[in-house]
Amino acid sequence: MIRKNSVFLIAAIIALAASTTPAAELHVGPGETYTTIQSAIDTAEPNDIVIVADGTYTGDGNRDLDFNGKAITVRSQNGPENCIVDCQGTSNEPHRGFHFHSGEDVNSRIEGLTITGGYSADNGGAFLCVGGS
């Protein structure tokens, strides 16, 4: 009986340790591991935090961003006045900030970013949420 309880206790401790593993932080910016926001999002695992350094982010990999259904947080390092996503969208070349379309929910978060320059002929120059909540 003691062995059976010990095995159960060990299994419970392992399960608790796995569920409390801290989220990884993936850093984006000049001199960081990730040079684009999308590359960090693509690498992120559930509950990870993508931290975007101060600056203005433009071009491929920094617009039309897609969480791909992941429950992650993308946030600025020092607030929206210091971290800007400039989509550089035009009527000839439309781009938006983020597109949620893979079941993202309240656990897919964007915090402290300024989204500017988005353009869409129909909906969502900054964000388009279809198939997410």
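The values are calculated or read from the model by the stated rules, or taken from the named source; none is laboratory data. Since the structure is predicted, the reported quantities are computational estimates derived from the model, not experimental observations. In this analysis, Cβ positions are derived from the backbone assuming ideal geometry, glycine residues included, and neighbour counts consider all displayed protein chains. Remember, those area values only see protein heavy atoms, side chains included, never the ligands or the DNA or RNA. Shrake-Rupley method; radii C 1.70, N 1.55, O 1.52, S 1.80 Å.
Can you list the residues of the range 52-81 with backbone N under 18 Å from a point 7 Å past the Cα of THR35, pointing along Cα to Cβ? It comes to 52-63, nothing else. Converting phi to 3J(HN,Hα) with the Karplus coefficients 6.51, -1.76 and 1.60 and the offset θ = phi - 60°, the range 55-71 yields x, 10, 10, 9, x, 4, x, 10, 8, 6, 6, 10, 6, 6, x, 7, 8 Hz in sequence order, with x at every glycine or proline. Rounded, prolate or oblate: which fits the range 43-121 when a ≥ b ≥ c are the square roots of the eigenvalues of the alpha-carbon gyration tensor, with rounded for a/c under 1.5 and prolate only if a/b beats b/c? It is oblate, given that a/c is not under 1.5 and a/b is not larger than b/c. In order along the range 73-83, the phi-based Karplus estimate (6.51 cos²θ - 1.76 cosθ + 1.60, θ = phi - 60°) of 3J(HN,Hα) comes to 10, 10, 9, 7, 6, 9, x, x, 6, 10, 9 Hz; Gly and Pro are listed as x.
Solvent-accessible area of the range 19-133 (1.4 angstrom probe, protein heavy atoms only): carbon and sulfur portion equals 46 percent. For the range 86-93, 3J(HN,Hα) computed residue by residue from phi via the Karplus equation (6.51, -1.76, 1.60; θ = phi - 60°) reads 9, 6, 6, x, 9, 5, 7, 9 Hz, glycine and proline entered as x. When ligands, DNA and RNA are left out and all protein chains stay put, how many square angstrom of accessible area per residue does the range 30-133 have with a 1.4 Å probe? Per residue, the range 30-133 has 50 Å² of solvent-accessible surface. Between the amide H of LEU26 and those of ILE49, VAL50, ILE51, distances stay under 5 Å, these residues lying 5 or more places away or on another chain, with hydrogens modeled in the peptide plane.
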